[in-house]
Amino acid sequence: VLSSSQPEEHFLFFFFFLLSLGSGGYESVRVEGEDVMVVRLRLARFGRYKFPFYRIYAADHRAPRDGKHLEILGHYDPIPQKDGNKHVGLHIERIKYWLSVGAQPSKPVARILSKAGILPTLPERQHANQGVSKKTLKDLEAEDG
């Protein structure tokens, strides 16, 4: 039974009880007593079988790929349209905001943003023997060995 003189104490007890339950198994990062949420800029897959369509969005790093998001920042259609281009739509101001507050883009999103000129260009993926014929490789191995 709560008396009218002590409701604050019971509220504080209940509040600290909820805090003691933890974060549901997730480790939270603390900076000067505040919880810091790691935000990622990622792709969520939509569309149908063999015809993907992606939304670029900001989400907590613990959220699943197609799960809860904070904000939709654009879209990406990887299938070339009739004009031969892959279509991308970006909310550039909001993307710059999220990057300024520390959001980390995933590798595919970083590649899209670098092609759009928002991020610096990423080094191209190059394999060690790309563009070299097998005959040339054998000749090089014969010279070395």
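The values are calculated or read from the model by the stated rules, or taken from the named source; none is laboratory data. In this text the structure is predicted, and so the values were computed from the model without any measurement. Here the Cβ is made from the backbone with ideal geometry for all residues, glycine too, and neighbour counts use every protein chain on show. Heads up: the accessible areas ignore ligands, DNA and RNA and are worked out on the full protein's heavy atoms, side chains in. Shrake-Rupley method; radii C 1.70, N 1.55, O 1.52, S 1.80 Å.
Quick notes
- Residues (part of a loop (DSSP other than H, G, I, E, B), surrounded by 11 or more Cβ atoms within 10 Å (Cβ to Cβ) and without any contact (Cβ under 8 Å) to a residue 60 or more places away in the chain) located in the range 97-128: Ile118, Leu119, Leu122
- Number of residues in the range 46-96 that are in a strand (DSSP E or B), open to solvent by 80 Å² or more (accessible area, probe 1.4 Å) and either closer than 21 Å to Ser114 by Cβ or in contact (Cβ under 8 Å) with a residue 40 or more places away in the chain (or both) equals 1.
- The numbered conditions (1) modelled with pLDDT under 90; (2) at positive phi; (3) of a type outside the set (S, T, N, Q) are all true for Glu143 except (2).
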